[in-house]
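Let me begin by presenting the structure, written as structure tokens, before commenting on it.
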Amino acid sequence: MAVGEVGNPTNGKEYPGKMTAFVFLACLVAATGGLIFGYDIGISGGVTSMDSFLIRFFPSVYRQQKERLSTNEYCKFNSNLLTLFTSSLYLAALVASFFASTVTRAFGRKWSMFGGGLIFLIGATLNGAAVNLLMLILGRILLGIGVGFANQSVPVYLSEMAPARLRGMLNIGFQMMITIGILAANLINFWMAQIKGGWSWRVSLALASVPGAIIAIGALALPETPNSLIERGHEEAAKAMLRKVRGTDQIHEEFHDLVIASNDSKAVKHPWKKIMERRYRPQLTMAILIPFFQQITGINAIMFYAPVLFKTIGFGDQASLISSVITGLVNLVATSVSIVSVDKLGRRALFLEGGVQMFISQVIVGLLIGIKFGVTGAHTELSRSYAGLVVAFICIYVAAFAWSWGPLGWLVPSEIFPLEIRSAGQSINVSMNMFFTFIIAQLFLKMLCLMKFELFFFFAGWVMIMTVFVAFFLPETKNVPIEEMEFVWKKHWFWGKFIPADKALHVGRGEVAV
């Protein structure tokens, strides 16, 4: 058995249940919450590479990038205002996720999703109509609030609705929608770039209202999860819902465990204080480190600024947008690999393989860019074959992320928390994700200017560290019922010492004292 794995974590226990049309459609609609996050990731980089957008809001950046002969290629997009436009959303999402935790727990998962979609729609409308930088940034903040609410509630909803043996596949639907949103944004940016007249950026930004409307309207039609219904005192409704989502009347054992978890949850008056207890140290550590590692891979730096990055390394305007469309397609296809394999191969196998592949491809990309531009960043035209090689290895990197750290970075934190601290734990996960996304988005162009091609080696070094961390400290969680996840931590070689000997773990029709 590999380090970090556990055997038979729940003593072979598995609740009855199957994939029903009802649960599939509910999870499909809920997963559309990922569209708003993905669309924003994809649209930001394309819009900030449009001349008409830069001329209106960031004229100094436009002048700088046109001075090709006198500008260091690594630094020609370096602008604090430009990065503030991109990264302001993530600060807003960070703060919003804490409020979303209270809404999710008190009113249910669906209403948190509805609020997120509605606020995102308003922000998109404001961005599309922006006439000055203040209006633009205000719209971004509203978008961020919407993302914070959706990212807090959707992964939890999916993990609670799904049968244990299919939880990975259904939860990764959220990441699949993120990739669809990114690809749709890349295609829209490409088409909008063909339009003359200087208003194409408005269409790109305003169309974010479409995914916002989809999740807001879809949330109204969603059923609430059995976990949430029990948590809010609707036990009979929860029992009926559990029968419906599991497709069987044999739900007594799972329902009993949900009730026990709910009673534990109700006894906790201050979940934010509770989560700091030593017995929850494994989950808290993962809620902080997994989103940190997910962002320090450098993926969002590439996805945010894909057109800008490709222009920086010598691609023309159209070529840079086409290349970002290609990476978006790779992202989408590779995510489907994770959907098919995550409940068969497990979380750890995908994490480890993806880490090795990302490390190798990032080192090669850094070498290829370094060979052409060196440390001076002198302007150099790339041949078609050389440029194709750079794009190929970026795509290999994106594929590895898309079937490993991309979906699993949302899946694993959403499934490891007991109910009494689940909303607080997911808020920490989302807020950490948004915080580190903000840091990377704010610093990427400056880091590219200062570190040059060595920036890719910087990200590769972190990929190596996080892959080693997974190998030693992340247990396997596939096929484990969500309310029985504590067994995984108790049997782990390292984390087991944090759970006190008298900690009672509920299992089946009673409780077992560890």
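Here Thr32 fulfils each of the conditions (1) more than 21 Å from the chain's Cα centre (by Cα); (2) at pLDDT 80 or above; (3) among the hydroxyl-bearing types (Ser, Thr, Tyr) apart from (1).
Could you tell me whether any residue of region 492-505 is open to solvent by 50 Å² or more (accessible area, probe 1.4 Å), at pLDDT 85 or above and assigned to a helix (DSSP H, G or I)? Checked against the condition, which is being open to solvent by 50 Å² or more (accessible area, probe 1.4 Å), at pLDDT 85 or above and assigned to a helix (DSSP H, G or I), region 492-505 yields at least one hit. With respect to being more than 25 Å from Ser112 (Cβ to Cβ), within 21 Å of the chain's Cα centre (by Cα), at pLDDT below 85 and open to solvent by 40 Å² or more (accessible area, probe 1.4 Å), Leu443 fits the description. Within region 365-385, the set of residues being open to solvent by 40 Å² or more (accessible area, probe 1.4 Å), part of a helix (DSSP H, G or I) and modelled with pLDDT under 80 comprises Lys372, Arg384, Ser385.
Given the structure, is Ile178 in a helix (DSSP H, G or I), hydrophobic (A, V, I, L, M, F, W, C), over 22 Å from Arg347 (Cβ atoms) and out of contact with any strand residue (DSSP E or B) (no Cβ under 6 Å at 6 or more places or on another chain)? The answer is no for Ile178. Scan region 469-488 and give yes if some residue there is open to solvent by 20 Å² or more (accessible area, probe 1.4 Å), acidic (Asp, Glu), modelled with pLDDT of 80 or more and in contact with a strand residue (DSSP E or B) (Cβ under 6 Å, 6 or more places away or on another chain), otherwise no. Among the residues of region 469-488, at least one is open to solvent by 20 Å² or more (accessible area, probe 1.4 Å), acidic (Asp, Glu), modelled with pLDDT of 80 or more and in contact with a strand residue (DSSP E or B) (Cβ under 6 Å, 6 or more places away or on another chain), which makes the answer yes.
Residues that are at pLDDT below 90, assigned to a loop (DSSP other than H, G, I, E, B) and within 20 Å of Ser44 (Cβ to Cβ) were ranked within region 181-216; the one that is most open to solvent (accessible area, probe 1.4 Å) is Trp199. Taking Phe149, is it in a helix (DSSP H, G or I) and either touching a Gly at 6+ places or on another chain (Cβ under 7 Å) or open to solvent by less than 10 Å² (accessible area, probe 1.4 Å) (or both)? Yes; evaluated as a whole, the condition is true for this residue. For region 238-283, the candidate set comprises residues that are closer than 24 Å to Pro413 by Cα, of a type in the set (Asp, Glu) and part of a helix (DSSP H, G or I); within that set, the residue that is least open to solvent (accessible area, probe 1.4 Å) is Asp257.
The values are calculated or read from the model by the stated rules, or taken from the named source; none is laboratory data. From a predicted model like this one, the values you see are computed outputs, not experimental measurements. Positions of Cβ are backbone-derived with ideal geometry, glycine not excepted, and every protein chain shown enters the neighbour counts. With ligands, DNA and RNA removed, areas are computed over all heavy atoms of the protein, side chains included. Shrake-Rupley method; radii C 1.70, N 1.55, O 1.52, S 1.80 Å.
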